[in-house]
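First the structure, in the form of C-alpha cells, and then the observations on it.
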Amino acid sequence: MVRVWDIGTVPPAPAGDESAVALETIRILNGEWIGLWSGAALGNPSGHMYWIAPFFWLGGPTLTALRLASALPGVMLIPICYLMVRMLFPFKVALVAVGLLTFFSWFVVVYRIGIPVTLSIFAAALSLCLVIYAARSSRPWVAIIAGLVLGAGLYVFKGYVIYFITIWAATLLVALVNPGLRRQWTLYLFLGASLIAGAAMITFYLATDYLTSNLQSQYQVSGTDLLSLPRHLDRMFDVLMYVHNPPDAGGFGFDGIIPEPLLHPVVAIFFWTGALITLLFINRIPFQLLILGWLIGMAPAILVPGGETRRYLFGVFFVLVITAIGYTGILSLVINRWFSLGGRSPLKYFGVKRQWLGYFLAAFATLVFIGPFAVQNLSAFTEWTRGQETKFQFDPEIAEAARFMGTLDEGQTVRFYSVRWSVDYETVRWFAPLAQGVDGSEEFGGDGTIFSSGVVDEPTVFMLLGGYLHLIDDLKATYPDGLERLETGPDGQTLFIAYAIDTPPPPGTVKAPPNYRSPTRPAKIDFRVGGVRIMPDPAELEIRAAPREHHALDLVSSQSVLIVPRPAETVKIHNNPDLQGENGCETVQNRPEGDTRLSIILPNAGKESRSLFYVVGCAAGPAALDVMADGTVLDTYAFTITDP
C-alpha cells in the first residue's frame, strides 16, 4: 500500500525524465521500433520503455500507469529479498531485514518514480536470489533462468552494466575459493546464460562508445577515473560512512530526497554491531556472500559519484541486512542471558513452553524495533511529499498547465510563457500532444511581452506561468474581451493563468509597440538531437536542451538544421546509418547554404545566449553532427531527422 497509495498524484507531477520516458513508450505503442538505446532521460537502454508499454496499453498513457510499472518491481522486491536472505541466515534475520526494506524511505520514494533504476535493481536481486538457490539445490534449469534474468537487466538501465560485471566477478571468485561449486556446472550455466541473454546489448556497448561517452558527458567520469584504485577506496569510505554522513557529491536533487544520514543514530548502533558480527564470522560462506552482495550494491555509487538514492539503493538493502544481523544478535544474547539467569514469565504458569516463550519475546522485540523504524521512515516520506525540493523537481505548474492545454480546441494556438519550461517540453508533449504553440518568454526565444509573436490574429490562448503571471494585466488591457482562468494548487499558490482570446480583434485596432519586430517562424519539423556524444572530448560549443535539465533537443525548421558557430569552425552532417559521413550532406562553412535562418536558445544559468542556424537539405533517417576546427572533429552528436 505504501508503494502504490496515490501513486499518480504523489509526487504531484512527472519529472522531466518520466515525461521523456513516457513519450518514447508512446512511440512503441504506435508501432515504432526505437532500438536498443534511447536518447530520452539522458540516454538509456530502451528495455525499460518496453516494460512500461503493456501498462500503457492496459491503463492508457497516464502518470499512474507509468509509475505502477516501477511500483510493481518494488513490491516484488520484498519477497525476493526475503527468500535471498532466508537461504543464508535464520528466519528472524530475514524477517527483520525485509521489515526494514518495506518501510525504508528511499525504497518507498524511488519505487514511486518511473525511472529505469527500479527495474534494474529488481533484475539484479532476482538473479542473485535464483543463482543462490541453484547453487544450494544443484538445479541447472534454475541457474539458466538466473543467468537469463541477469543478462536481461542490461536492456533496462545503463548503470546495470556495473551490476552485471560485479556479479560476474563475484561468481568467479566464489567458484575459485569453493572447490565444491567449482566442479559443478551450475555457476557456469548461470554465466553462460547471462552472456546469451545480454549478447545484443553487450555487442552494442562494445561496438559504440555510447556508454563511455555518456559517463563522460553526463557524469564527468573518464576512463582514467574508472581505473583509479585510490579514488575508489576513498569513495568507498565515503559511501560506507553514509550511515552517519552523506557524501559530498552532486546528483542528489532528481528525486527530491535531501541528503541525510542513512540510519537514525540508534539504528546505526545495530548496523555496526552487525558489521562486527559479520567480520567475526567472515570464514562462513553466508557472511562472505553478504559482503560480496554489499560490494555489488555499493559499486555504482563508488564508480559514478552522486545520486546515491539511485546508485546506492541496492547496496542499502545489504546495509539493512547487516543491521538486522546486529539487532537479532543482540536480541538473542539478551533472551538467552535472561533464561540462563532463571528468568520467569507469567506465561509459564499457563503451560507455555520455554521455546514458545522465546519466540513470543523475539516477535515482540522485533515489532518494537520495526514499528518505530516504520513510523520514522513514513514520516520522512511524508516530509518528502511536502518538501520544496520535491515540488521543484515534480512541479505541478507545468503538469497542470499541460493538462489544461490538452483540453483546448485544435484550432487554438498557444503562446507559452515560463522561466523554466518551453512549449515543447516533454510534459507538454505528453499531456497535450495536439497542442500547437510558440514560446513568448525571453528564456526560450521570445521577447517576454504579450506581442512576442505579434498581434493576435487567430484564436489564441496565452499560458502564463511563474515569473510571467504579471502579463495578465497587459493582456486584459489590450484584449479586454478575453476569458481568464486561474488555476491554484492545494497550498493556494497560483499554478498558471490562461487567457483565451476566441475572437481576434479587427485588423488595425491593436498595434504592437513601435520598437517591436515580429520574429520569423519557419514551418515545423521534428529534428531531435539525442545528446549522445560519439567523441570523448566535448567541443567548446555545447548543445543543451530547453529546459536545460535534458539533452533531448527539438529544433524548428522547414527542412533540417546545421549550426555555424564561428568563422574558424565548420559543421558537417552525416546522414547514413553507420554515421561515418562518406555519403552524407554537404559541408557548411561560415556562410549560409540556404535561405532560412534560425536562432536557437542555449540556456546558461538562466541567461539567454544565441547561435545562428542555417538550413540545408538532408534526407530523413539516422544522422550525426560534427563540430570541426582546422580539419579536426571537436565533437559529434547523434540524432535522427524525421519527416514532417
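Computed values, structure above
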{"item": "Positions within the range 465-509 being aliphatic (A, V, I, L, M) and in contact with a Ser or Thr (Cβ under 8 Å, 6 or more places away or on another chain), in sequence order", "result": "Leu465, Leu469, Leu471, Leu486, Leu495, Ala500, Ile501"}
{"item": "Enumeration of residues in the range 111-154 that are among the polar types (S, T, N, Q) and under 19 Å from the mean Cα position of the chain (by Cα)", "result": "Thr118, Ser120"}
{"item": "Matching residues in the range 424-443 - criterion: being part of a loop (DSSP other than H, G, I, E, B) and over 15 Å from Ile497 (Cβ atoms)", "result": "Asp424, Tyr425, Ala432, Pro433, Leu434, Ala435"}
{"item": "Filtered residue count, the range 264-312, keeping only those that are more than 23 Å from Thr212 (Cβ to Cβ) and open to solvent by 10 Å² or more (accessible area, probe 1.4 Å)", "result": "25"}
{"item": "Test: Val161 is assigned to a helix (DSSP H, G or I), farther than 23 Å from Tyr50 by Cα, open to solvent by less than 30 Å² (accessible area, probe 1.4 Å) and out of contact with any Asp or Glu (no Cβ under 6 Å at 6 or more places or on another chain)", "result": "no"}
{"item": "Filter pass, Trp421 being surrounded by 22 or more Cβ atoms within 10 Å (Cβ to Cβ) and either at pLDDT below 90 or assigned to a loop (DSSP other than H, G, I, E, B) (or both)", "result": "yes"}
{"item": "Residue match in the range 133-140 (condition: at pLDDT below 95 and under 14 Å from Ile167 (Cβ atoms))", "result": "yes"}
{"item": "Cβ pairs under 9 Å, 6+ apart, first in the range 356-375 and hydroxyl-bearing (Ser, Thr, Tyr), second assigned to a helix (DSSP H, G or I) and modelled with pLDDT of 85 or more", "result": "Thr366/Lys92; Thr366/Leu95; Thr366/Val96; Thr366/Gly99; Thr366/Tyr327; Thr366/Thr328"}
{"item": "Count - residues of the range 146-194 that are in contact with a strand residue (DSSP E or B) (Cβ under 9 Å, 6 or more places away or on another chain), aromatic (Phe, Trp, Tyr) and within 17 Å of Leu303 (Cα to Cα)", "result": "2"}
{"item": "Counted residues, the range 25-83 - those being of a type in the set (Lys, Arg) and open to solvent by less than 60 Å² (accessible area, probe 1.4 Å)", "result": "1"}
{"item": "Residue in the range 271-279 that is over 24 Å from Phe369 (Cα atoms), touching a residue at least 40 places away in the same chain (Cβ under 8 Å) and over 17 Å from the mean Cα position of the chain (by Cα) present", "result": "no"}
{"item": "Answer residue from the range 375-401, given it is open to solvent by less than 10 Å² (accessible area, probe 1.4 Å) and in contact with a strand residue (DSSP E or B) (Cβ under 9 Å, 6 or more places away or on another chain) and is farthest from Phe462 (Cα to Cα) among those", "result": "Ala399"}
{"item": "Some residue of the range 177-197 being surrounded by 21 or more Cβ atoms within 10 Å (Cβ to Cβ) and in contact with an Asp or Glu (Cβ under 7 Å, 6 or more places away or on another chain)", "result": "no"}
{"item": "In the range 1-27, residue nearest to Ala40 (Cα to Cα) [restricted to those that are among the aliphatic types (A, V, I, L, M), outside any helix (DSSP H, G or I) and modelled with pLDDT of 85 or more]", "result": "Ala15"}
{"item": "Residue match in the range 406-415 (condition: open to solvent by 20 Å² or more (accessible area, probe 1.4 Å) and either within 15 Å of Leu495 (Cα to Cα) or within 21 Å of the chain's Cα centre (by Cα) (or both))", "result": "no"}
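The values are calculated or read from the model by the stated rules, or taken from the named source; none is laboratory data. Nothing here was measured: the structure is a model prediction, and the numbers come from that model. Here the Cβ is made from the backbone with ideal geometry for all residues, glycine too, and neighbour counts use every protein chain on show. Heads up: the accessible areas ignore ligands, DNA and RNA and are worked out on the full protein's heavy atoms, side chains in. Shrake-Rupley method; radii C 1.70, N 1.55, O 1.52, S 1.80 Å.
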